[in-house]
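Have a look at the structure below, then the notes.
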Amino acid sequence: MRPFNFITAESPQHALSLVAENKNAKFIAGGTNLLDLMKLEIEAPPLLVDISKTGLDKIEKREDGRIAIGTSVTNSALAADMNIRRGYPVLSRALLAGASGQLRNKATTGGNLLQRTRCPYFYDTAQACNKRLPGSGCSAKGGFSRLLAVIDVSDACIASFPSDMAVALRVLDAEIELCSLTGTRIIPIRDFYHGATTQPHIETVIRRDELITRIILPRPIGGSHFYEKVRDRASYAFALVSAAMVFLPDGSARVALGGVAPKPWRVESAEQLLTTDIDEYVRIAFSGASSTHENQFKIPLAKQILTTLINEHKEAMA
Amino acid sequence: MRSDQPANPSRRDFVKSTSTAGIAAGVSTQFPSTALAKSSLPDVREKAFTQQVTLTINSRKHTLGIDTRTTLLDLLREKLALTGTKKGCDHGQCGACTVLVNGTRINACLSLAVMHDSDEIRTVEGLGTPDNLHALQDGFVEHDSYQCGYCTSGQLCSAIGMLSEARKGMPSHVTPDLIIPVTLNRDEIKERMSGNLCRCGAYQNICNAIEDYAERDRETV
Amino acid sequence: MIFDKASENVFDQQRVVGKPQRRIDGPLKVSGSATYAYEQQLNQKLAYGYIVGAQIAFGKISGIDDRKARSAEGVIDIITYQNVPEVGTGAFLSAKALGGPQIQHYHQAVAIVVATTFEQARAAAAALVVHYKRENGQYSLESLAASAPLSKSGAFRPEPVTSLGDFESAFHRAAFKVDETYTTPDQSHAMMEPHATLAYWENDLLHCWTGVQQLNWGVRDLALALGVPKEKIRMRAPFIGGSFGVKGTVMSDTVLAALAAQKTGLAVKVTLQRPLVANNTAHRPATIQRVQLGANPDGKLIAIGHKSVSGNIPGGRPEAAVLSTRYLYHADNRLTELKLAELNLPEGSAMRAPGEAPGQMALEIAMDELAEKLGIDPVELRIINDTQFSPEHPDKPFSKRNLARCLKRGAETFGWEHRSAQPRSQKTGRWLKGMGVSSAIRGAPVMPSAARVTLQSDGRLNVKTDMTDIGTGTYTILAQTAADMFGLTTADIDVQLGDSAFPESPGSGGQWGAASSTAGVYAACVALQEKLADEMGVSLNDLSFSNGQIVVNGKSIALQSLALEGEISAEAKMEYAESRKQFEHQTFGAHFVEVAVNELSFEVRVKRMLAVCDAGRIINPKAAENQVLGGMVMGLGAALMEELVVDERLGFFVNHDLAGYEIPVHADIPEQKVIFIDDVDEYAGPLKAKGVGELGLTGVAPAIANAIYNATGIRVRDYPITLDKLLASSNSI
């Protein structure tokens, strides 16, 4: 870990101006991913700007029924919030399925969105990795790929995105508020992550001078919410495949999948098949997939998960 | 609508390489390119940033000037000789370093000491001493809830924090209904404690002790 | 003192030994007061070391550029092969603790950076530039399996081939046969405390605080590595945060801390960073095993064949998977074969129940397969092939063997009669249910062990031995032994362990620790009793001890009064008579498991586990039960999730941290139960006790594998049995 200055910002504006002055500075809230990477020198910012005390730690219900979640709200506070539990249970479930109690108490909304892959080659600085060092190659291709992406991959990178929260946000059509000194923009989470790319080190649309300030949830959509996470052990593990699924009152369904792509994987155009032809949904959702011998099981597993949830929902309705 | 590639690279630009792998001469083409050496090396001749931090640990106030890189864990172990809290992995993967910060359990290895100015920290030493054990600590001895003892401090602090979370009604992955009050049964305890690895496998006895304590000593923490 | 057979003695009263005891080190562990190697507080100037691991699997260091690293803030020195005399290898391992110029394996230590603070050492280590010339290595066991030669015999290398009768023709004519191949993966010990050492020199005397399980080995191998006399090393390990075999002797942390301390003149402490541990230290090697069983229609085995191959670095040892087969089931025609391939992966070494755990992972599935073919209940089949005589040496009886009793008791307690013999026939909701069984066996060797027992003037008894406690409960069982010998309680005894200056024990390992060290303390207690008898001018037969009193001719005086003018001490060593070799000494057990398998996702959840163990007298049932429970957890991990994944292009274990190498968590653990068959073994030692630490692991994983088959009808022979393997096979159902 390289030396760094640590400044606690007093406001979002203060935080942004500090980062504007130092182009390699990073924001830190909980630090559970950033510090992990800094110990390995995968990240080495010379300045950390602490945003945990800038007042972005609230969950506010707006008049129009939408909910604004501050970027430094902890994962456990968000999961436990009664408005979330009642109105967006898939989000609560997704958060509770992630990490451990200790990590959820420290990890924050913004940090969760921006966390990096857990690809073991990304993490081992002796190995070639285009995401960590552009142009160096991808050691995962042809290597241990069981936990990596099966779709939306490129020749440069097959990393999967590990966040559970983001999968739920994707199925809820959340929006991300980004602030800079020059203004604010709102990006639908659908457009936040780059997928397959020749530049895997650039993962989201966020600019260096921007800070995630809030996640905005639309008004509750109602329905039955499920977050199913399949992993190799019963807890404290990343997903092999996960699914955030909502069965809406009008009889339709929507789903976002985790563990299969460099971002939450949702194929809106095929969703009407969820309630009529699962095989066809899977075929379309994974068309163009580029799996490896080791991770190809994720596609049939995804189908099994969807089948399970559909059956569970039917039984609950009966 | 997808946005285009940003004109300026994102702030998660490639990090200046800190590689220690050199060019592999004579390497056969089967290996991925190790072009790591081409990047510039970091300048480690920079001096550490030192900051003063004041925190209360086990009811005792400490003010220290420390290297900003110091984790809360290393502050406890290396600067204050409070070695009860253990370093099992230093990467938030085992829970052996669990402490209570303002009553909330966190992994001390993934937090910087400077992030805890004015915080109240409680470690295993603050629960009890060999001659004056906390009821949960005594329960661990009675139930033989350890073997090598290295995960024990983390299990204890985590359990205290976990019970507090359950009392506040915070749900878990196994809570059947998110709306009705939480019932802390065996499955809940196991799930909530899953962030504390025990390679010796003393899990059953750990849970027995926690269950026992939760029933008997609900009021005191 | 020489032991051959125990007669009736004080331990048969089960006053202290044999009764559940709270651990005497318990209060220290639960209050954070037990100090591990990295935590020792010294009155010395202390520096921090940080180890750099090689970034190639095989080849040479072609250059080291330490300019930037040396000029980093706080750096005191950097040690590489270029600036210290060549580091030797010890007697147990083949890889050198410090690599260079040749690199023997990935993450082999190539340097230690010494600095004033941990943060400075770590940062400087990242700035050290090491250039490598990669060479092509061998990394695939599978491709070398067919051509691997027989392993050579030697220390810790069983005979590569054993045979009896005519295996080939017996197998050929057998009415019922199983002939299958099973694989077990590379496994990591993954103990909670990474290797750590604090070292400093006092002139030419080296002090090390570390976590070595067997201090005599540690001192021996450190002496060899550094080229110093053994007498000039003092090694201490009072508390060890788990090991399971990978701290059996010194590893890179100890050697490099010692070198760094020597070169800098400071006390240096170092702990291996977790991401380095799997590749830098040692692991349990993978195996490919072929098991052939031939039986008559009545279930009696007439042919047992077991061939196994594992790999290791040049000079490394085999994972002797065929070992337990030589002792478990009866058959007149037998062949076992052990082969060893040369791989350039990190060095393989002992991990809990070496050879025996993976061997039974294969053999016990094969038995299940045979039972199905025969139409005989799997528990019954094992009982049919039980024997009281060593299968390969039919004139040699077991000192004590209750395998059948374990199986029967277990079947009864577990409700085995509710198991459906037909696979895939029990379901609850979306969960397929099944039960599985396995025998368990683990050798029970004993080794010479010495101790010193001192009656202090305050009436307390002090026990000293270099024996270690790796979580096994040694402190307490030694206290129990002394307590029974002197009519005291464990609260009256101080036990000091883990110091090479103390009388020599064999350390923790080989499942010999408990039996050997208690025997050594027993011998020392007898020697002290004899001294006290001498003092009082009576013979030992006239003395008895109870309630802190010494009783002679009906008169009792306080034990303490004998030491008022000065403590009285005795030291002795227990050794073993040749006559014990007429027996086979093993521990036995049976594991029963119930699983639920999701019929769609094939997630496996273990629902119930039962272990029935036959290990002689159980000295401390509280701690012994925990040991077995722990073995059951480790076996669950071995069955369902643990694998060090080999990248065969680059020659390393890819998932080298605790996120990537998954071990069971709280939520994985079902209701677990342990039953001990309390049948003492007079040939095991004065306490008539054997060990249980490794027995608790053997047989667990195959019981789970068999339960999965019973639930799903899918037979997976490659561990770990992850859901993708079941999912893939299910398509053909």
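The values are calculated or read from the model by the stated rules, or taken from the named source; none is laboratory data. Source: prediction; values computed, not measured. Cβ placement follows ideal geometry from the backbone for every residue including glycine, while neighbour counts extend to all protein chains displayed. The accessibility values were calculated without ligands, DNA or RNA, using every heavy atom of the protein model including side chains. Shrake-Rupley method; radii C 1.70, N 1.55, O 1.52, S 1.80 Å.
Quick notes on this structure:
- Hits in segment C:216-246 - residues which are acidic (Asp, Glu) and under 20 Å from the mean Cα position of the chain (by Cα): C:Asp221
- Any hit, segment C:345-354, residues being in the same structural domain as C:Met435 (by TED's automatic domain parsing), among the hydrophobic types (A, V, I, L, M, F, W, C) and open to solvent by less than 10 Å² (accessible area, probe 1.4 Å): no
- A:Ala128 being crowded, with 22+ Cβ neighbours inside 10 Å and in contact with a Pro (Cβ under 6 Å, 6 or more places away or on another chain): yes
- Yes/no for B:Ile106 being within 19 Å of C:Val30 (Cα to Cα), within 8 Å of another protein chain (Cβ to nearest Cβ) and at pLDDT 95 or above: yes
- Unmet criterion (only one of (1) buried (at least 24 other Cβ atoms within 10 Å of the Cβ); (2) at pLDDT 95 or above; (3) under 21 Å from C:Thr518 (Cβ atoms)) for C:Val674: (1)
- Any hit, segment C:212-220, residues being farther than 21 Å from C:Ala501 by Cβ and surrounded by fewer than 22 Cβ atoms within 10 Å (Cβ to Cβ): no
- Pair list, Cβ < 7 Å and 6+ apart or interchain, from segment B:107-119 residues that are open to solvent by less than 10 Å² (accessible area, probe 1.4 Å) to residues that are of a type in the set (Lys, Arg) and outside any strand (DSSP E or B): B:Cys109/B:Lys87; B:Leu110/A:Lys106; B:Ser111/A:Lys106
- At least 1 residues being at pLDDT 95 or above, crowded, with 22+ Cβ neighbours inside 10 Å and away from chain B (no Cβ under 11 Å) is the threshold, and among the strands (runs of 3 or more DSSP E) wholly inside segment A:1-117 those reaching it are A:47-50, A:67-70.
- Scanning segment C:66-101 for residues that are out of contact with any Gly (no Cβ under 8 Å at 6 or more places or on another chain) and in a strand (DSSP E or B) yields C:Val75, C:Ile76, C:Asp77, C:Ile78, C:Ile79.
- Count - residues of segment A:175-223 that are more than 10 Å from chain B (Cβ to nearest Cβ), buried (at least 16 other Cβ atoms within 10 Å of the Cβ) and of a type in the set (Val, Ile, Thr): 7
- Within segment C:504-548, the set of residues being surrounded by fewer than 18 Cβ atoms within 10 Å (Cβ to Cβ) and among the polar types (S, T, N, Q) comprises C:Ser539, C:Asn541, C:Ser544, C:Ser546, C:Asn547.
- Of all residues in segment C:1-17, those satisfying the criterion of being open to solvent by less than 20 Å² (accessible area, probe 1.4 Å) and in contact with a Leu (Cβ under 9 Å, 6 or more places away or on another chain) are C:Ala6, C:Phe11, C:Val16, C:Val17.
- Residue check for B:Leu163: touching a residue at least 24 places away in the same chain (Cβ under 8 Å) and surrounded by fewer than 24 Cβ atoms within 10 Å (Cβ to Cβ): yes
- Among the residues of this structure, C:Ala295 counts as one that is farther than 24 Å from C:Leu150 by Cα and buried (at least 24 other Cβ atoms within 10 Å of the Cβ).
- Residue pairs meeting the criteria (Cβ under 7 Å; at least 6 apart or on separate chains; first over 16 Å from C:Gly348 (Cβ atoms), in segment C:87-115; second among the acidic types (Asp, Glu)): C:Ala91/C:Asp221; C:Val114/C:Asp77
- Only one entry of C:Thr117, C:Thr80 meets the criterion of being facing another protein chain (nearest Cβ under 9 Å), of a type in the set (S, T, N, Q) and closer than 30 Å to C:Ala37 by Cβ, and that entry is C:Thr117.
- Residue among A:Ala261, A:Ala318 that is assigned by TED's automatic domain parsing to the domain that holds A:Gly101 and touching a Ser or Thr at 6+ places or on another chain (Cβ under 7 Å): A:Ala261
- For segment C:704-733, residues that are of a type outside the set (Phe, Trp, Tyr) and in a helix (DSSP H, G or I) total 16.
- In segment C:187-209, residue most open to solvent (accessible area, probe 1.4 Å) [restricted to those that are polar (S, T, N, Q) and more than 14 Å from every other protein chain (Cβ to nearest Cβ)]: C:Asn203
- Residues of segment C:618-660 that turn out to be among the charged types (D, E, K, R) and open to solvent by less than 10 Å² (accessible area, probe 1.4 Å), as a count: 2
- Number of the exception - A:Tyr227 against (1) over 16 Å from A:Arg118 (Cα atoms); (2) open to solvent by less than 40 Å² (accessible area, probe 1.4 Å); (3) assigned to a loop (DSSP other than H, G, I, E, B): (3)
- Condition check for B:Val141: more than 19 Å from the chain's Cα centre (by Cα) and open to solvent by less than 10 Å² (accessible area, probe 1.4 Å): yes
- One residue stands out in segment C:458-480 among those that are within 14 Å of another protein chain (Cβ to nearest Cβ) and part of a loop (DSSP other than H, G, I, E, B): the one that is surrounded by the most Cβ atoms within 10 Å (Cβ to Cβ), namely C:Gly471.
- The single condition among (1) out of contact with any Leu (no Cβ under 6 Å at 6 or more places or on another chain); (2) surrounded by fewer than 18 Cβ atoms within 10 Å (Cβ to Cβ) that A:Glu280 does not satisfy is (1).
- Index of the failed condition, C:Ala54 passing every other in (1) away from every other protein chain (no Cβ under 11 Å); (2) open to solvent by less than 10 Å² (accessible area, probe 1.4 Å); (3) touching a residue at least 60 places away in the same chain (Cβ under 8 Å): (1)
- Filtered residues of segment C:259-274 (kept if within 25 Å of C:His656 (Cβ to Cβ) and in contact with a strand residue (DSSP E or B) (Cβ under 9 Å, 6 or more places away or on another chain)): C:Leu259, C:Ala260, C:Val268, C:Lys269, C:Val270, C:Thr271, C:Leu272, C:Gln273
- Being out of contact with any strand residue (DSSP E or B) (no Cβ under 8 Å at 6 or more places or on another chain) and open to solvent by 10 Å² or more (accessible area, probe 1.4 Å) is a property that C:Ala411 lacks.
- The listed residues are C:Asp668, C:Asp647, C:Asp657, C:Asp681, and the only one of them that is within 30 Å of C:Arg15 (Cα to Cα) and among the acidic types (Asp, Glu) turns out to be C:Asp681.
- One residue stands out among those in segment A:289-318 that are open to solvent by less than 60 Å² (accessible area, probe 1.4 Å) and among the small types (Gly, Ala, Ser): the one that is farthest from the other protein chains (Cβ to nearest Cβ), which is A:Ala289.
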